[in-house]
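The values are calculated or read from the model by the stated rules, or taken from the named source; none is laboratory data. Nothing here was measured: the structure is a model prediction, and the numbers come from that model. Positions of Cβ are generated from backbone atoms using ideal geometry, with glycine treated the same way; all protein chains shown enter the neighbour counts.
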Ligand SMILES: Cc1ncc(CN)c(N)n1
């Protein structure tokens, strides 16, 4: 049996992903100490991020060369729009933020950079670029969710963010992450090293952008010079 491409990717991104677990924003989600104003910034920025992220699965579905992959992309699209974004809508309702306000959030510089990077690569490349672009997003949140679920008290009701940890460590979200990994392995199979290296670079870059997104919400950043 040949080695899985996602095992190779894991070895490459592991140090970046471990740094997420040390990030104050992520730690605050696990122990419940995160400032709610910072969390609201995440909620709004992530909502508009996810709208573009969902578009990537629609692009993947359109570019897929067989019905099986088309169906997987459609399932992942549904996962974003109707499962993951429901978490955001529930938190927003608790804060008195309407769906309209969430949806009309102005994307920050980092949100724009991250979604533009993925959309650009996905539009100009084939289906392999689409999967490589979305992989770190799905897989790293599941990695974070599962890691935080092991923090004592993280899933208890008195952690304001327990439903966040519950969602990203859930069996349902784990299945979505697994399906994305399987899709990556299927598509990578038989590809020459030169192409695999390009896909690896996309996963490394999106992993770095994930870190920048955590920093952006921690610091409630928007654009450097706002007018
Ligand atoms: C920025 C970001 N990255 C990943 C995920 C998980 N889909 C997310 N909601 N937001």
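Worth a mention:
Let's see how each residue does on (1) touching a residue at least 40 places away in the same chain (Cβ under 8 Å); (2) surrounded by 16 or more Cβ atoms within 10 Å (Cβ to Cβ); (3) within 15 Å of residue 131 (Cβ to Cβ):
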site: 12; (1), (2), (3): yes, no, no
site: 25; (1), (2), (3): yes, yes, no
site: 36; (1), (2), (3): yes, no, no
site: 44; (1), (2), (3): yes, yes, no
site: 64; (1), (2), (3): yes, yes, yes
site: 84; (1), (2), (3): yes, yes, no
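- Of all the numbered requirements in (1) touching a residue at least 12 places away in the same chain (Cβ under 8 Å); (2) in a helix (DSSP H, G or I), residue 151 misses one, and that requirement is (2).
- You will find that of 73, 91, 57, 143, the residue that is at pLDDT 95 or above, farther than 28 Å from residue 198 by Cβ and surrounded by 15 or more Cβ atoms within 10 Å (Cβ to Cβ) is 91 and no other.
- Within the range 52-64, the set of residues being over 15 Å from residue 213 (Cβ atoms) and in a helix (DSSP H, G or I) comprises 54, 55, 56, 57, 58, 59, 60, 61, 62, 63.
- Candidates are the residues of the range 49-67 that are away from the ligand (no atom under 14 Å from the Cβ) and touching a helix residue (DSSP H, G or I) at 6+ places or on another chain (Cβ under 9 Å); the one that is farthest from residue 141 (Cα to Cα) is 65.
- The lone exception for residue 201 - which of (1) crowded, with 21+ Cβ neighbours inside 10 Å; (2) in a helix (DSSP H, G or I); (3) more than 15 Å from the ligand (Cβ to nearest atom) it fails: (1)
- Scan of the range 98-133 for residues that are away from the ligand (no atom under 14 Å from the Cβ), part of a loop (DSSP other than H, G, I, E, B) and in contact with a helix residue (DSSP H, G or I) (Cβ under 7 Å, 6 or more places away or on another chain), ordered by number: 126
- Checking every residue in the range 3-19 against the condition of being over 16 Å from the mean Cα position of the chain (by Cα), under 23 Å from residue 109 (Cβ atoms) and assigned to a helix (DSSP H, G or I) gives zero matches.
- Only one of the listed residues (175, 195) is away from the ligand (no atom under 15 Å from the Cβ) and either surrounded by fewer than 19 Cβ atoms within 10 Å (Cβ to Cβ) or without any contact (Cβ under 8 Å) to a residue 60 or more places away in the chain (or both). That residue is 195.
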